[in-house]
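Below is one structure; the comments refer to it alone.
The values are calculated or read from the model by the stated rules, or taken from the named source; none is laboratory data. Just so it is clear, the model here is predicted, and its values are computed rather than measured. All Cβ positions, even for glycine, are placed from backbone atoms using ideal geometry, and neighbour counts span all protein chains on display. For the accessible areas, the whole protein counts, side chains as well, though only heavy atoms, and no ligand, DNA or RNA atoms are used. Shrake-Rupley method; radii C 1.70, N 1.55, O 1.52, S 1.80 Å.
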Amino acid sequence: MKRLVLLTLIFVAVAALAGCAAHGPLTETRDGNVLTFTRADTARSVTVTLAEDLKYDKRVHRDFMGAKIEGDLYRSPDNTSVLVSSLKRTVFQDLIGRELDGPASGVRIYPPQTSWLPRLCQLVRAYVVALDSDVVAVVKFGNYRGENGECAGDVTQEGFMAARFDEVAAFDKAADESIRITR
């Protein structure tokens, strides 16, 4: 009888630990330029494949606008960089200042968006995937300096995009060719 009670307790303890592990954070596996993010509790996953000319640089940890960002940084020969990161959905929504449409379950790939960040003098193209209660973000950063090496930091996003339409289109095309996201 004691043995049956002991076995039952061990089984309950192992099941409880397995349940806690299954509700853990999003896991990331990286094999060169292929990163896969998987939720243990739903088994849903997203794979990010980067072009071969992007070379892994380092794991970064940054505080950005009150959020702790951790991810893998890749660099390109054309002086652009790509950051691949995952965040809790609520943290991401606080960071962008709005809620993502759609439920916090399932996988949803949003259309990429390009922005001009005048204070940083950078074009940014962001790819966002909602993966249940998490978000996978892939962001391409392109430093922009004018012909004289000056930053157009006083130009609004609308003004920059309109004045440099061809350059923005080329940046978007290069980003789309070097970043592929699949579920």
What do you reckon, is Gln122 of a type in the set (S, T, N, Q), surrounded by 12 or more Cβ atoms within 10 Å (Cβ to Cβ) and more than 19 Å from Leu54 (Cα to Cα)?
no
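Can Leu120 be described as over 13 Å from the mean Cα position of the chain (by Cα) and farther than 27 Å from Pro25 by Cα?
The answer is yes for Leu120.
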Search result, residues across the range 104-114 that are modelled with pLDDT of 90 or more and out of contact with any helix residue (DSSP H, G or I) (no Cβ under 6 Å at 6 or more places or on another chain)
Val107, Arg108, Ile109, Tyr110, Pro111, Pro112, Gln113
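Please go through the range 160-171 and give me each residue that is open to solvent by 30 Å² or more (accessible area, probe 1.4 Å) and not in a loop (DSSP other than H, G, I, E, B), ordered by number.
Met161, Ala162, Ala163, Phe165, Asp166, Glu167, Ala169, Ala170
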Name the single residue, out of those in the range 129-155 being of a type in the set (Val, Ile, Thr) and modelled with pLDDT of 85 or more, that is nearest to Tyr110 (Cα to Cα).
Val129
Pairs needed: first member in the range 73-97, without any contact (Cβ under 8 Å) to a residue 60 or more places away in the chain; second member anywhere, open to solvent by 40 Å² or more (accessible area, probe 1.4 Å) and in a strand (DSSP E or B); C-beta distance under 7 Å; at least 6 residues apart or different chains.
Leu73/Asp57; Leu73/Lys58; Tyr74/Lys55; Tyr74/Tyr56; Tyr74/Asp57; Arg75/Lys55; Arg75/Asp57; Ser85/Glu70
Could you list, in sequence order, all residues of the range 52-108 that are on the phi < 0 side of the Ramachandran plot, of a type in the set (S, T, N, Q) and open to solvent by 70 Å² or more (accessible area, probe 1.4 Å)?
Thr90, Ser105
Residue satisfying condition, being among the polar types (S, T, N, Q) and in contact (Cβ under 8 Å) with a residue 60 or more places away in the chain, within set Thr42, Thr29:
Thr42
